[in-house]
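Colleague: I'd like to ask you about the structure that follows.
Any read-out appearing in this document is the output of simple, stated calculations on the displayed coordinates, not a laboratory observation. Everything numeric here is computed off the predicted structure, so don't read it as measured data. Quick reminder, even Gly has a Cβ in these numbers, built from the backbone with ideal geometry, and neighbours come from all protein chains shown.
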Amino acid sequence: MWMDTHAHLYFPEFSEDREEVIVRAQKEGVDRIVVVATDLASSRAALALAQEHASLACTVGIHPKSAEDAAAPGFLADLEEIAAHDKVAAVGEIGLDYHRLPSDPQAAEAEKDGQRRAFRAQLAFAREKNLPVVIHQRSAWEDTLATLDEVDNAVRCVFHCFGEGPERLQELIRRGHFVSFTGIITFPNAPLAKASAQAAPIDKFFLETDCPFLAPVPHRGRRCESWHVRLVAEEIARLRGDPVSVVAEASSRNARAFFRFTD
Ligand SMILES: [Zn+2]
């Protein structure tokens with residue numbers, strides 16, 4: 001019934017009780033969790049977890065803040081080896097993150113260059129493998145869209161942890177992309193995300209937790225887990241004036257189609 005489309009279950013925050021977290025999610029009706037990788041090591045860890053649990057799928061990819069992993073020669077061969085497994089549902093999280101760049105302008109430019117190179121290479125990889133893409137974008141809106149425009153938006157993307165306003169949401173929808181909302185939607189200081197959740201067409205968004213981060217109210221500040229996706233849905237339903245069941249059903253259907261889950 002519920003799907004958490006973005007969880008980092010391999011993080012050390014879950015090392016004491018990972019199995020319980022997965023079982024608890026299932027008991028709460030979260031029948032699918034997508035474990036999202038951020039570098040080569042976590043791509044392998046996410047796959048290993050997904051192979052152990054029927055309810056888990058995973059992604060393969062290198063986050064812009066780990067772009068040095070994508071500077072190694074042959075990194076695409078590593079991605080390819082991991083992506084050969086049928087538990088791999090997408091490439092991600094990849095993208096651009098210009099938040100907290102080095103203060104030295106030359107070093108900042110060098111980091112942006114490295115991020116763009118990693119992003120372009122992985123977009124081409126996703127296109128070749130015919131996999132959808134989980135996008136991480138922070139403080140790099142124009143460059144992220146420009147990079148997607150370079151490949152004619154020929155890969156289907158979800159902009160995860162969407163916190164931008166309705167105008168930017170429309171820019172993505174026009175390009176054929178999707179968004180997913182986290183617990184940020186429940187924070188009082190997130191007016192843009194709330195406005196986008198109200199404005200989003202019912203067939204264009206999914207739910208996620210980004211756990212262990214971003215626990216929704218009333219768990220804010222504590223460790224987030226996959227079952228919290230229900231609290232994200234409740235707030236979206238409240239904002240939209242829709243029944244929770246409508247948000248649950250539509251968001252799961254959208255995500256199933258996006259990741260091409262057939263069961
Ligand atoms: Zn994430």
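Colleague: Need the full-extension length gain, Asn130 to Asn189, defined as separation in residues times 0.36 nm minus the C-alpha distance. One decimal, nm.
Modeller: 17.5 nm is the gain from fully extending Asn130 to Asn189.
Colleague: Multiplying the sequence separation of Gln106 and Ala41 by 0.36 nm and subtracting their Cα-Cα distance, what value in nm do you get?
Modeller: Length gained, Gln106 through Ala41: 20.5 nm.
Colleague: Can you pull the one-decimal nm distance between simple spin-label points at Lys27 and Asp113, each 7 Å off the Cα toward Cβ?
Modeller: That separation, rounded to one decimal, is 5.4 nm.
Colleague: OK, next. Please compute the modelled spin-label separation between Thr262 and Glu16, points set 7 Å along Cα→Cβ, answer in nm with one decimal.
Modeller: For the pair Glu16/Thr262, the computed spacing is 4.2 nm.
Colleague: Calculate how many DSSP beta bridges within the chain are antiparallel, expressed in % of all such bridges and rounded to the nearest 5.
Modeller: 0 percent
Colleague: List the residues whose amide H sits under 5 Å from the amide H of Gly95, counting only those 5 or more places along or on another chain, with H placed 1.01 Å from N in the peptide plane.
Modeller: Those qualifying (amide H under 5 Å, at least 5 residues apart or on another chain) are His136.
Colleague: Quick check: from the Cα gyration tensor, does the stretch 180-263 come out rounded (a/c under 1.5), prolate or oblate?
Modeller: The shape class here is oblate.
Colleague: Going down the list Lys129/Lys194; Lys129/Lys204; Lys87/Lys204, which pairs span over 27 Å between their C-alpha atoms?
Modeller: Lys129/Lys194
Colleague: So which cysteines of the chain have no other cysteine's Cβ under 4.7 Å from theirs?
Modeller: Those would be Cys58, Cys157, Cys161, since no other cysteine Cβ in the chain comes under 4.7 Å of theirs.
Colleague: In addition: Please list 3J(HN,Hα) in residue order for the stretch 227-235, calculated via the Karplus relation 6.51 cos²θ - 1.76 cosθ + 1.60 where θ = phi - 60°; whole Hz, with x for glycine and proline.
Modeller: My calculation for the stretch 227-235 gives 5, 4, 4, 5, 6, 4, 5, 4, 5 Hz in order.
Colleague: Now, a different point. Under a crude label model (7 Å from the Cα following the beta-carbon direction), how far is His85 from Val246 in nanometres?
Modeller: 4.0 nm
Colleague: If you take the alpha carbon radius of gyration of the stretch 44-85 and divide it by 2.2 N^0.38 Å, what ratio comes out, to two decimals?
Modeller: 1.26
Colleague: Moving on to the next point. If you plug each phi of the stretch 177-191 into the Karplus form 6.51 cos²θ - 1.76 cosθ + 1.60 with θ = phi - 60°, what whole-Hz ³J(HN,Hα) values come out, in order, with x for Gly and Pro?
Modeller: Going residue by residue, I get 9, 10, 10, 10, 10, 10, x, 4, 4, 8, 7, x, 8, 10, x Hz, with x marking Gly and Pro.
Colleague: Here is a further query. Could you bin all the Cα-Cα distances of the stretch 1-126 into 10 Å bins starting at 0 and give me the percent of pairs in each, rounded to whole numbers?
Modeller: Going from the shortest bin to the longest, the percentages are 13, 40, 28, 15, 3, 0.
Colleague: Let me ask something else about it. Could you tell me whether the stretch 112-153 comes out rounded, prolate or oblate from its Cα gyration tensor? Rule is a ≥ b ≥ c as square roots of the eigenvalues, rounded for a/c under 1.5, then prolate if a/b exceeds b/c, otherwise oblate.
Modeller: Prolate, since a/c reaches 1.5 and a/b exceeds b/c.
Colleague: Okay, next question. Which whole-Hz couplings ³J(HN,Hα) result when phi for each residue of the stretch 198-205 is put into the Karplus expression 6.51 cos²θ - 1.76 cosθ + 1.60, θ = phi - 60°, listed in order with x for Gly and Pro?
Modeller: 6, 8, 5, x, 4, 9, 10, 9
Colleague: Provide the convex hull volume over Cα atoms per residue for the chain, in Å³.
Modeller: That works out to 124 Å³ per residue.
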